[in-house]
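*Asks:* One structure is given below, represented as structure tokens, and several questions about it will come after.
The values are calculated or read from the model by the stated rules, or taken from the named source; none is laboratory data. Quantities reported herein were computed from a predicted structural model and do not represent experimental measurements. As a convention, Cβ positions derive from the backbone with ideal geometry for all residues, glycine included, and neighbour counts pool all protein chains shown.
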Amino acid sequence: MLKKTHLAIFLCASSLFSTASNALEKVDLLIKNAAVLTMNEDKTIFQQGLVAVKGNKIIAVTNGEDIKNYQAETIIDADGDIVMPGLINTHTHASMTVFRSLADDVPDRLHRYIFPLEKKLVSRDMVRIGAQLGNVEMLKGGVTTYADMYYFEDEVAKTVDKIGMRAVLGESVIKFPVADAENAQQGIDYALNFINEYKDHPRITPAFAPHATYTNSTETLQKITKLSLQHDVPVMIHLAESERENQVIAERSGGKSPIAYMAEIGALTPNLIAAHVINADDNDIALLKKYDVGIAHNMSANIKSAKGVAPIIKMQEQGLRIGLGTDGPMSGNTLSTIDEFNQVAKVHKLVNQDRAAMPPVDVIEMATIGSARALHMEDKIGSLEVGKLADIIIIDTKAPNMVPVYNPYSALVYSAYAANVKHTIVDGKVLMHHRKMLTVDEDAIRSEALQFADKVRKTVIESGEIVQ
């Protein structure tokens, strides 16, 4: 349990409740004087609201008039700041933080640069160090849940468990030799062991993560689909992302698109979370809808790589499950979902030549309850509602870039920085308070990442083994 001295909080004086104390509802955490964005179905906003938490669940979200009904162990006075659901990053490769800013503009970067780089440097130690750094970056940016695809995901799980975040973690499966498997079957075996180890964890959901359609065989994709249904775990994959993928799958399937191919082989299911989905026509969108597939929309990575803009507005019109992702820190370069807001809103306006397209409320929905839907976790997270898990963030509205706030959705999408996140709460526990990490040593994590960066620098730049 966090020590009270670690939090700049208001503790309830016993004299305040000297009368009728037996009638008070005892809670562990009370957030008051908050501009509460519930992100419920009605998009209810409470200007002077409160959120009450008992254990790891929300037990009340109100306009604040009932504040005298609660006796709280810990009170955070939001003082008018925005209180909202924790952000959910639906697609990333967190451990790649230690490779950030390498070869940013190299053509065909994945095959010419990233795969060779990973062959040289990916290890258990690298995955742990990178994941720790990524976790801190995300938590400080208001991300409370993330979906990750990489190698040695059991190491990522350990870092998630320690910091206290929530995550869906997919063990990568790919056809060629990688750091933790010689072939796809070994990758599947590794994933099964990981799933068995973490299947009952309260905050970690283990998953399969076949890298892509074109980097795995039809048989591998079918086997993973069958196993995911047997074990009731997600499958994460890069889908409809690149021209190389289109060409390989067209040759393999007699001219079908990657999405149509996945449907034909039985690999589209509600367990699937598809990242990117840039190259999707109306027929593809209909298939994604039919099979209730989750979509991870990664705007900054997609436009940085010049691959295109996913037809998200069409997908919204068809009622698909769409969430926001950052992609890995070698792709979009940050793990902050807040940094995606501005680009998502503006680029969709430009592409659709419609200033009214992708209004701020839709972006915030996509980052919260929309992302929860994409992960099929909307019954647990994504909105501030009674009975849901207490994943909550508080955004500073006193910072110069946030003054004034006439429309909270507009302020968040067009004005906010990741650094405006003041407090982050996951599973009812305060993990960051006034920008200070409470469960891990941020300085030590940064120092270890910098030490690893020296190894990367010697291997990549000084040795000339991998040319930028």
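*Asks:* Please list, ordered by first then second residue, the pairs with beta carbon atoms under 7 Å, 6 or more apart or interchain, first in region 310-330 and on the phi > 0 side of the Ramachandran plot, second part of a loop (DSSP other than H, G, I, E, B) and among the polar types (S, T, N, Q).
*Replies:* From region 310-330, the pairs are D327/N298.
*Asks:* Still on this model: Considering only residues that are aromatic (F, W, Y) and within 15 Å of A147 (Cβ to Cβ), look in region 195-229 and name the one that is surrounded by the fewest Cβ atoms within 10 Å (Cβ to Cβ).
*Replies:* Filtering region 195-229 down to residues aromatic (F, W, Y) leaves 198, 208, 214.
Remaining after also requiring within 15 Å of A147 (Cβ to Cβ): 198, 208.
Values: Y198: 21, F208: 29.
Of everything passing the filter in region 195-229, Y198 is surrounded by the fewest Cβ atoms within 10 Å (Cβ to Cβ).
*Asks:* Which residues, counting only those in region 127-150, are of a type outside the set (S, T, N, Q), touching a residue at least 60 places away in the same chain (Cβ under 8 Å), in a helix (DSSP H, G or I) and in contact with a helix residue (DSSP H, G or I) (Cβ under 6 Å, 6 or more places away or on another chain)?
*Replies:* Result: I129, G130, L133, G134, V136.
*Asks:* Here is a check on your reading of the model: is D180 under 30 Å from H433 (Cβ atoms), of a type in the set (D, E, K, R) and surrounded by fewer than 24 Cβ atoms within 10 Å (Cβ to Cβ)?
*Replies:* Working: under 30 Å from H433 (Cβ atoms): no; of a type in the set (D, E, K, R): yes; surrounded by fewer than 24 Cβ atoms within 10 Å (Cβ to Cβ): yes.
Judged against the criteria, D180 is not a match.
*Asks:* Does region 90-126 hold any residues that are outside any helix (DSSP H, G or I) and either touching a helix residue (DSSP H, G or I) at 6+ places or on another chain (Cβ under 7 Å) or among the hydroxyl-bearing types (S, T, Y) (or both), and which are they?
*Replies:* At the first step, the residues of region 90-126 found to be outside any helix (DSSP H, G or I) are 90-93, 100-108, 122-123.
Within region 90-126, T90, T92, S101, L102, A103, V106, S123 meet the criteria.
*Asks:* Mind listing whichever residues of region 370-386 are within 22 Å of D232 (Cβ to Cβ) and in contact (Cβ under 8 Å) with a residue 24 or more places away in the chain?
*Replies:* Taking region 370-386 as the starting set, the residues that turn out to be within 22 Å of D232 (Cβ to Cβ) are 371-382.
Of everything in region 370-386, those that are within 22 Å of D232 (Cβ to Cβ) and in contact (Cβ under 8 Å) with a residue 24 or more places away in the chain turn out to be S371, A372, R373, A374, L375, H376, M377, I381, G382.
*Asks:* Among the numbered conditions (1) farther than 24 Å from N183 by Cβ; (2) of a type in the set (A, V, I, L, M, F, W, C); (3) assigned to a loop (DSSP other than H, G, I, E, B), tell me where V233 comes up short.
*Replies:* The failed condition is (1).
*Asks:* Could you list, in sequence order, the residues of region 230-262 that are of a type outside the set (V, I, T), touching an Asp or Glu at 6+ places or on another chain (Cβ under 9 Å) and modelled with pLDDT of 95 or more?
*Replies:* Step one: filter region 230-262 for residues of a type outside the set (V, I, T), giving 230-232, 234, 236, 238-247, 250-258, 260-262.
Add one more test, that the residue is touching an Asp or Glu at 6+ places or on another chain (Cβ under 9 Å), and what stays is 236, 238-240, 244, 253, 256-258, 260.
Across region 230-262, the qualifying residues are M236, H238, L239, A240, S253, K256, S257, P258, A260.
*Asks:* Can you report the number of residues in region 153-173 which are in a loop (DSSP other than H, G, I, E, B) and either surrounded by 24 or more Cβ atoms within 10 Å (Cβ to Cβ) or not assigned by TED's automatic domain parsing to the domain that holds V98 (or both)?
*Replies:* As a first pass, look at region 153-173 and keep what is in a loop (DSSP other than H, G, I, E, B): 164-165.
Remaining after also requiring either surrounded by 24 or more Cβ atoms within 10 Å (Cβ to Cβ) or not assigned by TED's automatic domain parsing to the domain that holds V98 (or both): 165.
So the count comes out to 1.
*Asks:* Further question: Failed condition for V460, given (1) outside any helix (DSSP H, G or I); (2) out of contact with any Gly (no Cβ under 7 Å at 6 or more places or on another chain), with all others met?
*Replies:* (1)
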